[in-house]
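The values are calculated or read from the model by the stated rules, or taken from the named source; none is laboratory data. Note that this is a predicted model, so its numbers are computed, not measured. Note that we place each Cβ from the backbone using ideal geometry, even for glycine, and neighbour counts take in every protein chain shown. Accessible surface areas use protein heavy atoms only, side chains included; no ligands, DNA or RNA. Shrake-Rupley method; radii C 1.70, N 1.55, O 1.52, S 1.80 Å.
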Amino acid sequence: MVIGASLPGVRGGLLLFACAAILALPASAGARVVRSVSILPPGQSGFVSAPGLADGTGSPHLYDQTQPFIDFRWKPATFHLPGSVETPRAGIRIVRDSFGVPAVTGTTEQLMWRGAGYAMAQDRLFELELFRRATTGTLASIAGRERVPDDKVVRRNFYTAAELDRMFGALPAQFRQRFESYRDGVNDWIEHVKANPDDMPGEFAAVGIAVPDPWTVRDSVAIGVYLARTIPTNADPSSLELANLRGLQLGGGGALQALVPLRTPGARPTIPAREGRFPSQPGRTLRQERAALARSAAYARGLPFPAGAPADPTSVRALRARSPATRILGPGGSWMFAVRDRAGKRAWLYNGPQLGFTAPERVVELELHAPGFDARGMTAPGVPVLGNGHNGRIAWGITTGASDMDDLYAERTVPGEPESYRFRGAVRKMDCRNETIAYRSPPSTLVGLAGGRVPPAPESGSETVRVCRTHHGPVEARAGNVAYARRHASWMRELDTLGGLDALSRARNIREVDAAVRLMTWNENIMAADSQGSIGFWHPGLHPLRPRAWDERLPYPGTGEAEWRGVRSTATIPAVINPRQGWLANWNNVPSADWTSGDGTARKRMDALFFRVAALEPEVRALARRPSFAGLQDVVRRVGTVAQQRRPAYRRLLVAARPPLGRRASRVLNTLLAWDGSYHRTASDGTVHPGVATWDAFRAEAERLVRARVGPAAGWLANEGALQFLHPGYHMAAPYHYFEATHLESTGLRTLDTAGYRLAAERAFEVLARRFGSADPGRWREPRRMFDFQGLAGAQPPPLPFFDRGTFEQLIGLGP
């Protein structure tokens, strides 16, 4: 069933009206969350160390969820679990269960949120400090000069203090009060640690902070805006249009089409085509797309590119090689699925958001209760809202939407006036300001701070940068007489999503979920199940309606001839309720048929059959035939421990392995055919199947063949590692992981013919024989690969084997 009802916007009284209407609707009697479990490795707490603890440890809940996660054991996540009780002030009660998860009850909602702020500060006070500095461009002031590039990006791409205050002031009164209550709760705990120094995290002293400054509403607003902008759309500081531009200039339109196609045959949408096609650019024809590419390519060839660009940037695999062999440099992708029984009475939901494994985690678990409100789920420290979870009647999950929600405009500057540009025949002045970024190395080395290492030599100073905006948005780069400015569909509207999330956490059935999701401005996929046996999926957000005459993969001319046609109505976002197939699965894949890739924000989902969701769909389809909670858990166990591209490659490997075939290629191909894709199962000596190392080597050789075929454009068009040249402050060195093929590797697996597979196998044999000192595949065994995640202040977390699972997992069954 396709959903497409038009709803009011999120501002002011309309939002309050929508929320009130949802609360007024009745729910069916007897329907509820039947079972709910979750896991948050390494643990709930971020209290790593305290001054008075010689062993450098803080909370017992810092790592206590690591081993259950490794063992595929989940803890209860229902309401009102027993535990220790605390009453920080009248009207607030906090009960912490055996894993330290706080259940906050307030006699009013405002007191509930004050208790939430208090509990989050108890668990993650130093992480709150890092978050507010990272999202306001002041991280270098405690982490040293190497963080100045990060602060530059934030000062340039986000908002001034006055703009944040204006956004907050535009919120309805109930949400302003929520932020203020949360602020008060954080400050309650800050006052506590001032009076009780043994409860102060030792990390503060390590970075030279005696006592943290009081928390402000603006701190929470900055964190919320940053997360709402970056997480849903992969909108990191990278300019993918500039990478596409360089690839086009080096390899031509054919290279662009090969590696960054607008449409990939065989792409796998979450919404079945028979339930609705939802084109991303309604009304645009294939003929118009071809003409737009020709026009944009001709224009782009004449655009200047930032000086000093390498001919072929470092590949993802080379970036991986810079770190120890056991280190993960980036997360995979969040995934979720839902099934319903044939009678339409019960439903099940799994969600595993991936934000990278760190100690402490970037997210935290929270349970909330007040008159008329009950919910439990995942949140980010500093933000008074739940991202996913359940409320006893419905359960919902989130994954990165990964759609292209912004565009780059090439502004022609006036000769001799770099802060003036031309638009529709007139000269306009940019809005420019100086930003002074202070930096200071901490008094002691702090390993793992915000993803990096602080230089041991003490150093302090400041850098002043010039930050400019055009009417399109922030200027990200300059070259010659061109300033490249970014236009965001969600500009100054990131906080609008708060109303949708609030309504979602109060929804009582799938129809109310639908109404709530259409209030959201972000592009975080939503999947939900209700206790009446319904399931649904939505791809929300402010999606630009782009100019039909220009190609969205390349920079648009900023002269006024390539302006957006508007933003699509929330009534037409891709959405489905109760699809006839009885199940839904999403692993950041395209939401629907006819949804194009934009500038290639999500390179991987152009891999069609070789995109990771292809490993999930068959498992969910089989579960839907006989759904159960145990079956839900089994899907997570199987899918979270296999190399996703191994299954779709099987037929091609089988064909390539047929005789006549050289001995070396035969050994590689038959080793892969004998391997079921598991990197988790080990022998008695702790080593895994030879297929693990063989698959890694084979993929690498497939990538090299593609790079040789495409030429120097490949590095720019295929991976985000290329963009470190454009944005040195971007620290995500490798956006994929050990066993998921990179875009170039998948392109090889997808496009190489039988001869190409055999050549890749021949070359892989040489690599493996050298690495293991043997031509016998039986000796190509390696230890189970591990995450390398470090704790703050030098704390050493327990070993964690690699899984492709959520950083927070929830599994929920609903029904009568």
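Quick notes on this one:
- Close pairs (6 angstrom Cβ cut-off, 6 or more residues apart or separate chains): part of a strand (DSSP E or B) in the stretch 466-477, open to solvent by less than 20 Å² (accessible area, probe 1.4 Å) and among the small types (Gly, Ala, Ser) anywhere: VAL475/ALA483; VAL475/ALA485; GLU476/SER239
- Boolean, ALA593 is over 22 Å from the mean Cα position of the chain (by Cα) and touching a residue at least 40 places away in the same chain (Cβ under 8 Å): yes
- Taking the stretch 149-177 as the range and being open to solvent by less than 20 Å² (accessible area, probe 1.4 Å) and either of a type in the set (Asp, Glu) or part of a helix (DSSP H, G or I) (or both) as the test, the residues that pass are ASP151, VAL153, VAL154, ASN157, LEU164, MET167, PHE175.
- One residue stands out in the stretch 203-230 among those that are open to solvent by less than 20 Å² (accessible area, probe 1.4 Å) and in a loop (DSSP other than H, G, I, E, B): the one that is nearest to ARG114 (Cα to Cα), namely TRP215.
- Filtering GLU146, GLU180, GLU191 for residues that are within 30 Å of GLU476 (Cα to Cα), assigned to a helix (DSSP H, G or I) and among the acidic types (Asp, Glu) leaves a single hit, GLU146.
- For the stretch 354-378, a residue qualifies if it is under 23 Å from the mean Cα position of the chain (by Cα), open to solvent by 10 Å² or more (accessible area, probe 1.4 Å) and at pLDDT 95 or above, and exactly one does: MET378.
- For the stretch 267-296, a residue qualifies if it is over 26 Å from the mean Cα position of the chain (by Cα), closer than 24 Å to ARG565 by Cβ and basic (Lys, Arg), and the qualifying residues are ARG284, ARG287, ARG290, ARG295.
- Note on the stretch 388-403: residues that are open to solvent by 10 Å² or more (accessible area, probe 1.4 Å) and part of a loop (DSSP other than H, G, I, E, B) total 3.
- Enumeration of residues in the stretch 253-312 that are under 23 Å from ARG707 (Cβ atoms), open to solvent by 60 Å² or more (accessible area, probe 1.4 Å) and in a loop (DSSP other than H, G, I, E, B): PRO265, ARG301, GLY308, ALA311, ASP312
- Hits in the stretch 752-770 (condition: part of a helix (DSSP H, G or I) and open to solvent by less than 60 Å² (accessible area, probe 1.4 Å)): THR754, GLY756, TYR757, ALA760, ALA761, ALA764, PHE765, VAL767, LEU768, ALA769
- Note on the stretch 574-589: among residues that are assigned to a strand (DSSP E or B) and within 23 Å of SER628 (Cβ to Cβ), the one that is most open to solvent (accessible area, probe 1.4 Å) is TRP583.
- The listed residue being in contact (Cβ under 8 Å) with a residue 24 or more places away in the chain and either among the basic types (Lys, Arg) or open to solvent by less than 10 Å² (accessible area, probe 1.4 Å) (or both), out of ALA528, ALA571: ALA528
- Checking the stretch 237-244 against the condition returns a match, with at least one residue being among the charged types (D, E, K, R) and open to solvent by less than 10 Å² (accessible area, probe 1.4 Å).
- Residue pairs whose Cβ atoms lie under 6 Å apart, sitting 6 or more positions apart in sequence or on different chains, and linking a residue in the stretch 350-364 that is on the phi > 0 side of the Ramachandran plot to a partner that is open to solvent by 10 Å² or more (accessible area, probe 1.4 Å) and not charged (D, E, K, R), are GLY356/PRO331.
- Residues located in the stretch 543-568, provided they are hydrophobic (A, V, I, L, M, F, W, C) and either without any contact (Cβ under 8 Å) to a residue 40 or more places away in the chain or crowded, with 24+ Cβ neighbours inside 10 Å (or both): LEU554
- A Cβ distance below 6 Å, combined with a sequence gap of six or more or placement on separate chains, defines the contacts here; from the stretch 663-686, residues that are more than 20 Å from ARG647 (Cα to Cα) reach residues that are open to solvent by 40 Å² or more (accessible area, probe 1.4 Å) and not in a loop (DSSP other than H, G, I, E, B) in the pairs ARG664/GLU762; GLY686/PRO783.
- Within the stretch 205-224, residues that are closer than 24 Å to VAL363 by Cβ and modelled with pLDDT under 95 reach partners that are in a loop (DSSP other than H, G, I, E, B) and not charged (D, E, K, R) with beta carbons closer than 6 Å, at six or more positions or on different chains, in the pairs ALA206/PRO442; ALA206/SER444; ALA206/LEU446; VAL207/PRO442.
- Of all the residues in the stretch 181-202, those that are open to solvent by 60 Å² or more (accessible area, probe 1.4 Å) and touching a residue at least 60 places away in the same chain (Cβ under 8 Å) number 3.
- Any hit, the stretch 547-563, residues being at pLDDT below 95, within 19 Å of GLU289 (Cβ to Cβ) and not hydroxyl-bearing (Ser, Thr, Tyr): no
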